[in-house]
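A.B. asks: What follows is a structure written as structure tokens; I'll ask about it next.
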Amino acid sequence: MLVNVRTVRIEWGDCDPMGIIFYPRYFAFFDACTTSLIERALGMRKQDYLQAYGCSGHPVVKNHARFLLPTRFGDEVTIESAPTRVGRASMDVRHRLTKQGELAVEGFETRVWVQGHAESDGMKSMPMPAKLVEGLLQG
């Protein structure tokens, strides 16, 4: 499976008044990491792949995390993101956020590849492009 790695610095705006990261910020980091993973698998930027494949996005339908070590203002962390399951229209992604080599947070999410659906005034799943599936499965 493809693994994407990003380094992130914890900024003041990510933190509570005590300088410890406010936990929803991890989910924002993971969202950006999933986009980076898909961009790497497809070899194009998000705005380009959404247009090229007629996709409206890849929203989260399920997520959870394990918080093992706190991160604080100024910490540099590394986030490794990789698919753990790739289906027809959905995938599971695991994010491993480490601080100085130690696992601090482990996040899990299920994403669905969707397009707008006029009749339901919402979204409908659609098959992921073969190029994306191939890119995610190759590591």
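The values are calculated or read from the model by the stated rules, or taken from the named source; none is laboratory data. The shown structure was predicted, so the numbers you read here are calculated from the model rather than taken from an experiment. Every residue, glycine as well, gets a Cβ built from its backbone with ideal geometry; the counts of neighbours run over all protein chains shown. Accessible surface is based on the protein model in full, side chains and every heavy atom, while ligands, DNA and RNA are left aside. Shrake-Rupley method; radii C 1.70, N 1.55, O 1.52, S 1.80 Å.
A.B. asks: Out of region 87-139, which residues are open to solvent by 30 Å² or more (accessible area, probe 1.4 Å), modelled with pLDDT of 95 or more and charged (D, E, K, R)?
C.D. replies: Arg88, Asp92, Arg94, Arg96, Lys99, Glu102, Lys131, Glu134 - these are the residues of region 87-139 that are open to solvent by 30 Å² or more (accessible area, probe 1.4 Å), modelled with pLDDT of 95 or more and charged (D, E, K, R).
A.B. asks: Quickly run through region 49-61 and pick out the residues that are open to solvent by 80 Å² or more (accessible area, probe 1.4 Å) and out of contact with any strand residue (DSSP E or B) (no Cβ under 6 Å at 6 or more places or on another chain).
C.D. replies: Start the filter on region 49-61 by keeping residues that are open to solvent by 80 Å² or more (accessible area, probe 1.4 Å), which leaves 51, 61.
The one that is open to solvent by 80 Å² or more (accessible area, probe 1.4 Å) and out of contact with any strand residue (DSSP E or B) (no Cβ under 6 Å at 6 or more places or on another chain): Gln51.
A.B. asks: Same structure, new question: Return yes when His64 is in a strand (DSSP E or B) and buried (at least 19 other Cβ atoms within 10 Å of the Cβ) and no when it is not.
C.D. replies: Criteria not met by His64.
A.B. asks: Does Thr84 satisfy the condition of being over 29 Å from Pro127 (Cα atoms), of a type in the set (Ser, Thr, Tyr) and open to solvent by 40 Å² or more (accessible area, probe 1.4 Å)?
C.D. replies: no
A.B. asks: What do you reckon, is Thr84 under 17 Å from the mean Cα position of the chain (by Cα) and of a type outside the set (A, V, I, L, M)?
C.D. replies: The answer is yes for Thr84.
A.B. asks: Here is a further query. Give me the residue from region 1-47 that is touching a strand residue (DSSP E or B) at 6+ places or on another chain (Cβ under 6 Å), open to solvent by less than 50 Å² (accessible area, probe 1.4 Å) and aliphatic (A, V, I, L, M) and, out of that set, nearest to Thr110 (Cα to Cα).
C.D. replies: Leu37
A.B. asks: I'd like to know if region 6-13 contains one or more residues that are in a strand (DSSP E or B), polar (S, T, N, Q) and modelled with pLDDT of 95 or more.
C.D. replies: yes
A.B. asks: Shifting gears a bit: Hey, could you check region 84-134 for residues that are touching a strand residue (DSSP E or B) at 6+ places or on another chain (Cβ under 8 Å) and among the polar types (S, T, N, Q) and say which is nearest to Ala52 (Cα to Cα)?
C.D. replies: For region 84-134, the residue satisfying everything is Gln115.
A.B. asks: Every residue in region 71-81 that is in a loop (DSSP other than H, G, I, E, B) and buried (at least 16 other Cβ atoms within 10 Å of the Cβ), please. Don't jump to the end; show me each part of the working.
C.D. replies: First, the residues of region 71-81 that are in a loop (DSSP other than H, G, I, E, B): 71, 73-75.
Thr71, Phe73, Asp75, listed by residue number.
A.B. asks: Of the numbered conditions (1) assigned to a loop (DSSP other than H, G, I, E, B); (2) closer than 22 Å to Gln138 by Cα, Val93 satisfies every one except a single condition; which is it?
C.D. replies: The failed condition is (1).
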